[in-house]
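Only one structure is covered here, and it is reproduced in the block below.
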2 protein chains.
Amino acid sequence: MSSKQEFIEKLRNSSLRPTKQRINICEVLFNRDKTFHFTINDLFNLIKDKTGEKVSLATVYNTVHAFHKKGYLKEIPINSNQTYFDTNVTDHHHFFDVKEEKLIDLKNEDVGPIEIQKSIPGKKIKSVEVLVKLED
Amino acid sequence: MSSKQEFIEKLRNSSLRPTKQRINICEVLFNRDKTFHFTINDLFNLIKDKTGEKVSLATVYNTVHAFHKKGYLKEIPINSNQTYFDTNVTDHHHFFDVKEEKLIDLKNEDVGPIEIQKSIPGKKIKSVEVLVKLED
DNA sequence: TCGTTGTTTATAATTATTCTAAAGAAGATT
DNA sequence: AATCTTCTTTAGAATAATTATAAACAACGA
């Protein structure tokens, strides 16, 4: 449970002006116990439902990208026509239920350590992501 | 080096009629030594270049999807605006050079074994994919 | 050869995302 | 508080990838 005040500080600390819209988006994204997987469209609809206030789609895009850039959101690679984001920005992996189009977190302990025994000169590893697809 | 005749058989065996267009696409996709990573648009352009014959974009989409369904192509999960495919349908992983937008194969030996120590009732694992993003 | 069914194609439609430019709000300065 | 600057929001247009449509065409079987 985070308070409005905390969100305002968080935004200020990131040199993002604490606007009504951004605070509403924070409420929806970060005011929850469990990690949250979503598409922009999910979020767009949830904001209306949860806060009663409408935020334009463009602002949702802007804000999600801003939060992603600041490291408050993580983009999840799935083959789908829509981009998925995750409020859990720690290093972790995912199940993807292909039929239900649903993402499920894998704790780091759920996946053994991953050793990459190859390197490309001049490049360093930015991230290692495992995606486990599930079928019935 | 596969021959035209082999492609025709391959197509027939999959109950896909061996049309000129499909055979051309096979030549471009499967008549090569190394694995091939591509987007639909890459392929569309390559067909013109390599075979001299033009195939409509819609047919490229149709054929790639048909081949994917038959298991001759693999879709690769990357966060990008375009969908990537791979002619290497065996179980393997990838580097993705974020800057150059280029995929590089990881042999299975290059990645230690991956243990998934969690399961979802009623679901079974369809695939396990590792994507290693690279930066400079 | 003829009829059936599958395929190709140009084009239109759809969908996710980004761009644009004008109106509005936040922050700093006096 | 009034003003100025800068950032933000917004509706709507623009773009880009993909999918749908429906008519012309080609492969197959009888």
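The values are calculated or read from the model by the stated rules, or taken from the named source; none is laboratory data. Please read all numbers here as calculations on a predicted model, not as lab measurements. A quick note on method: Cβ atoms are made from the backbone with ideal geometry, for glycine too, and the neighbour counts reach across all protein chains shown. Calculation scope for accessible area: heavy atoms of the full protein, side chains included, ligands and nucleic acids excluded. Shrake-Rupley method; radii C 1.70, N 1.55, O 1.52, S 1.80 Å.
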- Out of the residues in the range B:73-107 that are more than 7 Å from chain A (Cβ to nearest Cβ) and farther than 14 Å from B:Thr35 by Cα, state the one that is surrounded by the fewest Cβ atoms within 10 Å (Cβ to Cβ). B:Asn81
- Item | Scope the range A:1-27; condition hydrophobic (A, V, I, L, M, F, W, C) and assigned to a helix (DSSP H, G or I); matching residues | A:Phe7, A:Ile8, A:Leu11, A:Ile23, A:Ile25, A:Cys26
- Message: Looking at the structure I just gave you, is B:Lys69 within 12 Å of chain A (Cβ to nearest Cβ) and open to solvent by 50 Å² or more (accessible area, probe 1.4 Å)?
- Response: no
- Item | Odd one out for B:Gln117 among (1) touching an Asp or Glu at 6+ places or on another chain (Cβ under 9 Å); (2) loosely packed, with under 14 Cβ neighbours inside 10 Å; (3) more than 9 Å from chain A (Cβ to nearest Cβ); (4) farther than 18 Å from A:Ile125 by Cα | (3)
- Message: If I filter the range B:94-112 for residues that are in a helix (DSSP H, G or I) and without any contact (Cβ under 8 Å) to a residue 12 or more places away in the chain, do I get at least one hit?
- Response: yes
- Out of B:Thr63, B:Thr59, report the one residue that is over 26 Å from B:Asp105 (Cβ atoms), within 8 Å of DNA strand C (Cβ to nearest atom) and assigned to a helix (DSSP H, G or I). B:Thr59
- Hey, does the range A:67-90 have a residue that's of a type in the set (Ser, Thr, Tyr) and either on the phi > 0 side of the Ramachandran plot or assigned to a helix (DSSP H, G or I) (or both)? no
- In the range B:2-30, anything within 9 Å of DNA strand D (Cβ to nearest atom) and crowded, with 19+ Cβ neighbours inside 10 Å is listed as B:Leu11
- Message: Pull out all pairs, ordered by first then second residue, where Cβ-Cβ is under 6 Å, the residues are six or more apart or on different chains, the first lies in the range A:9-37 and is in contact (Cβ under 8 Å) with a residue 12 or more places away in the chain, and the second is among the acidic types (Asp, Glu).
- Response: A:Asn24/A:Glu53; A:Thr35/A:Asp105; A:His37/A:Asp86
- Within the range A:31-54, residues within 13 Å of DNA strand D (Cβ to nearest atom) and within 14 Å of another protein chain (Cβ to nearest Cβ) come out as A:Ile40
- Flag if B:Lys126 is in a strand (DSSP E or B), of a type in the set (Lys, Arg), facing another protein chain (nearest Cβ under 7 Å) and within 27 Å of A:Gly122 (Cα to Cα): no
- Message: Quick check on my filter: what residues within the range B:77-93 are more than 14 Å from DNA strand C (Cβ to nearest atom) and touching a residue at least 40 places away in the same chain (Cβ under 8 Å)?
- Response: B:Tyr84, B:Phe85, B:Asp86, B:Thr87, B:Asn88
